[in-house]
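The values are calculated or read from the model by the stated rules, or taken from the named source; none is laboratory data. Worth saying up front: this structure is predicted, and the values here are computed from it rather than measured. Here the Cβ positions follow ideal geometry from the backbone for every residue, glycine too, while neighbour counts run over all protein chains shown. Accessible surface areas use protein heavy atoms only, side chains included; no ligands, DNA or RNA. Shrake-Rupley method; radii C 1.70, N 1.55, O 1.52, S 1.80 Å.
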Amino acid sequence: MFVLLSIFMTLPVFLLLGSEAPNAMAFAESAAIAFGIGTAGILATYRQERDLKPRYMFVLTVSSWFIIALLAALPFYLSDNNISAADAFFEGASGITTTGATVLSGLDTMDRDLLLWRSILQWIGGIGIIGMFVAVLPFLRVGGMRLFATESSEWTDKALPRMKTLSRGLLFVYVVFSVIAVITYWFSGMTLFDAFNHGLTSIATGGFSTSDMSMGKFNDLILMEATLFMIIGSLPFFLFVREMHGQHGVLFRDQQVRMFLAILFVVPALLTLYRWAVSPVPFDPLHNYTATLFNVTSVVTTTGYASEDYSAWGPLAFVVFFFLMFVGGCSGSTAGGMKIFRFQLSLIILKEQLMRLLHPRAVMTRNYNGRAVSDEIISSMIAYTFIFLLCLLLITVALAAMQLDFVTALSGALTSLTNVGPGLGDIIGPAGNFGPLPDGAKWVLSVGMLMGRLEILSVVIVLSPAFWRS
């Protein structure tokens, strides 16, 4: 992984042909460090047997994401832009976790090689997240992900050929959608540089942009195209692979997909009506619906783009966007958040409990997408939800202790754990960024972003004393 990361570090210089890469030396030094660490690891362990027990997989998964975030920060820190260690790590963590929160301003005039690195970093993170969902989290039984286990989720010699086939299919689909996004943006009026960057970050549901205005710089046609690509990035990619192999219709038969699309159909329509009702100026229904749909999709998919300051749309819109930050996309996608399936399982449990109150002796079965839902999956999901809320509380308190106001502290904690990107309020809202926060807050939020991407429980398990004693 570190060797591959070092190769990607050379891309900003090569793609810009060196002419617009003023930080070429920073990228060369960063690539050399990543390559050296990766090569040393390979040489130190290549003769050892790889016994991939759950214990080792937990350590490998957590440590690799944290170290990659640290290595990803090197080009920012070593550049000539006087970026501090806290800012560099924050930007690297935000990139690799596809969060999209940024501490950088003046993006319109920033060095192109750094802008390109931010987008490439999110693209790498996107495919890494999909791979982690398919192969690692079901194997580790984290947060109810066992519900999506397949033969390709087992780390056995028998399952490896299936895993390789699925991995190739996922990479193919991911690359194809990325290329389509780049070409579509380019043909719609973006420069090739803007199209390339936004194409990568749209499919990765990352949200990094090349402008301080984010997507507000572009017209309504591009906003609609971006909405479509964000939706694609938030759908289960393994279902795209199944569709490609002739299992037609599996995508829209999936319960996650149907609920996800229903949210994006209902919420923007209702918010547009609300904005129309409270608007003191002449209302353009088509433009305002486009903006509402785009921004709602950006938050639900945890992409983090913004076309305007939606926190200024009124009290109801402010509250709606806060709760939308919890939702997230579908499992098996590049999106973050709590994921649609957990809300659906919660509804199943609620219905079951209500029925038991009415019929105490009734025998009931739980089914989701045609598969039985075991008590183990329910317990894992409940544990995830509890630890998520506990971490939200702790991070909020930590940020408040650094003299941040309640809205900034709470929305900052939430946006980091759900990997949404912008928070709410005057400082870190859609019209601002995380630059003004104290360094301590940036370190806390960086760890929060990585914990959120790793489904929190993975990190908590590795940090627990019992994990190292047993």
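Condition test on Arg242, is it surrounded by 15 or more Cβ atoms within 10 Å (Cβ to Cβ) and among the basic types (Lys, Arg)?
In short, yes.
Considering (1) within 24 Å of Ile340 (Cβ to Cβ); (2) assigned to a helix (DSSP H, G or I), say which one His248 fails and leave the rest.
Result: His248 fails condition (2) only.
Output the number of residues of the stretch 287-303 satisfying the condition of being within 23 Å of Ile203 (Cβ to Cβ) and either open to solvent by 10 Å² or more (accessible area, probe 1.4 Å) or in a helix (DSSP H, G or I) (or both). Spell out how you get there, then give the answer.
So in the stretch 287-303, the residues within 23 Å of Ile203 (Cβ to Cβ) come out as 290-303.
When the remaining residues are screened for being either open to solvent by 10 Å² or more (accessible area, probe 1.4 Å) or in a helix (DSSP H, G or I) (or both), the result is 290-300.
Selection size over the stretch 287-303: 11.
When you go through (1) in contact (Cβ under 8 Å) with a residue 60 or more places away in the chain; (2) aromatic (Phe, Trp, Tyr); (3) open to solvent by 20 Å² or more (accessible area, probe 1.4 Å); (4) more than 28 Å from Ser307 (Cα to Cα) one by one for Trp443, which number turns out not to apply?
Looking at each condition in turn, Trp443 falls short on (4).
Taking the stretch 251-286 only, how many residues are assigned to a helix (DSSP H, G or I) and charged (D, E, K, R)?
So the first thing to find is which residues in the stretch 251-286 are assigned to a helix (DSSP H, G or I), and the list is 251-253, 255-278, 285-286.
Adding the requirement that they be charged (D, E, K, R) leaves 253, 258, 275.
Final tally of qualifying residues: 3.
Could you tell me whether any residue of the stretch 396-409 is closer than 25 Å to Met132 by Cβ and surrounded by 23 or more Cβ atoms within 10 Å (Cβ to Cβ)?
Narrowing the stretch 396-409 to residues closer than 25 Å to Met132 by Cβ: none.
Checked the stretch 396-409: no residue is closer than 25 Å to Met132 by Cβ and surrounded by 23 or more Cβ atoms within 10 Å (Cβ to Cβ).
Out of the stretch 168-192, which residues are assigned to a loop (DSSP other than H, G, I, E, B) and exposed (fewer than 14 other Cβ atoms within 10 Å of the Cβ)?
Of all residues in the stretch 168-192, those assigned to a loop (DSSP other than H, G, I, E, B) come to 188-191.
Answer for the stretch 168-192, where residues must be assigned to a loop (DSSP other than H, G, I, E, B) and exposed (fewer than 14 other Cβ atoms within 10 Å of the Cβ): Gly189, Thr191.
I'd like to check something: does the stretch 353-361 contain any residue that is among the aliphatic types (A, V, I, L, M) and either open to solvent by less than 40 Å² (accessible area, probe 1.4 Å) or closer than 23 Å to Val142 by Cα (or both)?
Here is the first cut: in the stretch 353-361, the residues among the aliphatic types (A, V, I, L, M) are 354-355, 357-358.
From the residues that got through so far, the ones that are either open to solvent by less than 40 Å² (accessible area, probe 1.4 Å) or closer than 23 Å to Val142 by Cα (or both) too are none.
Checked the stretch 353-361: no residue is among the aliphatic types (A, V, I, L, M) and either open to solvent by less than 40 Å² (accessible area, probe 1.4 Å) or closer than 23 Å to Val142 by Cα (or both).
Open to solvent by 40 Å² or more (accessible area, probe 1.4 Å), modelled with pLDDT under 90 and of a type in the set (S, T, N, Q): does that describe Ser19? Spell out how you get there, then give the answer.
Working: open to solvent by 40 Å² or more (accessible area, probe 1.4 Å): yes; modelled with pLDDT under 90: yes; of a type in the set (S, T, N, Q): yes.
Considered against the rule, which asks whether it is open to solvent by 40 Å² or more (accessible area, probe 1.4 Å), modelled with pLDDT under 90 and of a type in the set (S, T, N, Q), Ser19 comes out as yes.
Name, by its number, the condition in (1) in a helix (DSSP H, G or I); (2) within 30 Å of Val300 (Cβ to Cβ); (3) among the hydroxyl-bearing types (Ser, Thr, Tyr); (4) modelled with pLDDT under 95 that does not hold for Thr165.
(2)
Which of the numbered conditions does Ser152 fail, given that it passes all the others? Conditions: (1) assigned to a helix (DSSP H, G or I); (2) at pLDDT 85 or above.
It is condition (2) that Ser152 fails.
Pull up the stretch 193-239, narrow it to residues that are under 19 Å from Thr102 (Cα atoms) and of a type in the set (Ser, Thr, Tyr), then point me to the one that is surrounded by the most Cβ atoms within 10 Å (Cβ to Cβ).
By that ranking, first place goes to Thr205.
If you scan the stretch 245-286, which residues turn out to be among the basic types (Lys, Arg) and either within 25 Å of the chain's Cα centre (by Cα) or loosely packed, with under 13 Cβ neighbours inside 10 Å (or both)? Talk me through it step by step, then tell me what you get.
Within the stretch 245-286, the first condition is being among the basic types (Lys, Arg), and the residues that meet it are 253, 258, 275.
Hits for the stretch 245-286 are Arg253, Arg258.
Under 24 Å from the mean Cα position of the chain (by Cα), in a helix (DSSP H, G or I) and among the polar types (S, T, N, Q): which single residue out of Ser346, Ser333 fits that description? I'd like the intermediate steps shown before the answer.
Details: Ser333 fails: in a helix (DSSP H, G or I).
None of the other options fit; the residue is Ser346.
Ala362 - would you say it is assigned to a loop (DSSP other than H, G, I, E, B) and touching a Gly at 6+ places or on another chain (Cβ under 7 Å)?
Details: assigned to a loop (DSSP other than H, G, I, E, B): yes; touching a Gly at 6+ places or on another chain (Cβ under 7 Å): no.
The answer is no for Ala362.
Anything in the stretch 414-470 that is within 28 Å of Met381 (Cα to Cα), outside any helix (DSSP H, G or I) and over 13 Å from the mean Cα position of the chain (by Cα)? List them, or say none.
Of everything in the stretch 414-470, those that are within 28 Å of Met381 (Cα to Cα), outside any helix (DSSP H, G or I) and over 13 Å from the mean Cα position of the chain (by Cα) turn out to be Gly423, Leu424, Ile456, Ser464, Ser470.
Which condition does Val373 not pass, out of (1) crowded, with 16+ Cβ neighbours inside 10 Å; (2) out of contact with any Lys or Arg (no Cβ under 8 Å at 6 or more places or on another chain); (3) more than 30 Å from Val175 (Cα to Cα), if it passes all the others?
(2)
Among (1) open to solvent by less than 10 Å² (accessible area, probe 1.4 Å); (2) hydrophobic (A, V, I, L, M, F, W, C); (3) in contact (Cβ under 8 Å) with a residue 40 or more places away in the chain; (4) closer than 22 Å to Ile428 by Cα, there is one condition Ile340 misses while meeting the rest; what is its number?
Going through the list (1) open to solvent by less than 10 Å² (accessible area, probe 1.4 Å); (2) hydrophobic (A, V, I, L, M, F, W, C); (3) in contact (Cβ under 8 Å) with a residue 40 or more places away in the chain; (4) closer than 22 Å to Ile428 by Cα, Ile340 breaks only (4).
Looking at the stretch 45-96, what helices (runs of 4 or more DSSP H) fall wholly within it and have at least 1 residues that are at pLDDT 95 or above, over 24 Å from Leu140 (Cβ atoms) and not aliphatic (A, V, I, L, M)?
Working: elements: 54-72, 74-78, 85-96.
Helices (runs of 4 or more DSSP H) meeting the threshold: 74-78, 85-96.
Just the residues that are open to solvent by 80 Å² or more (accessible area, probe 1.4 Å) and more than 18 Å from Asn197 (Cβ to Cβ), please, taken from the stretch 6-16.
Ile7
Output yes when any residue across the stretch 43-63 is open to solvent by less than 40 Å² (accessible area, probe 1.4 Å) and under 19 Å from Ser94 (Cα atoms), and no when none is. Can you show your working first?
Residues of the stretch 43-63 open to solvent by less than 40 Å² (accessible area, probe 1.4 Å): 57-58, 61-62.
In the following step, the residues that additionally are under 19 Å from Ser94 (Cα atoms) were identified as 61-62.
Yes, the stretch 43-63 contains at least one residue that is open to solvent by less than 40 Å² (accessible area, probe 1.4 Å) and under 19 Å from Ser94 (Cα atoms).
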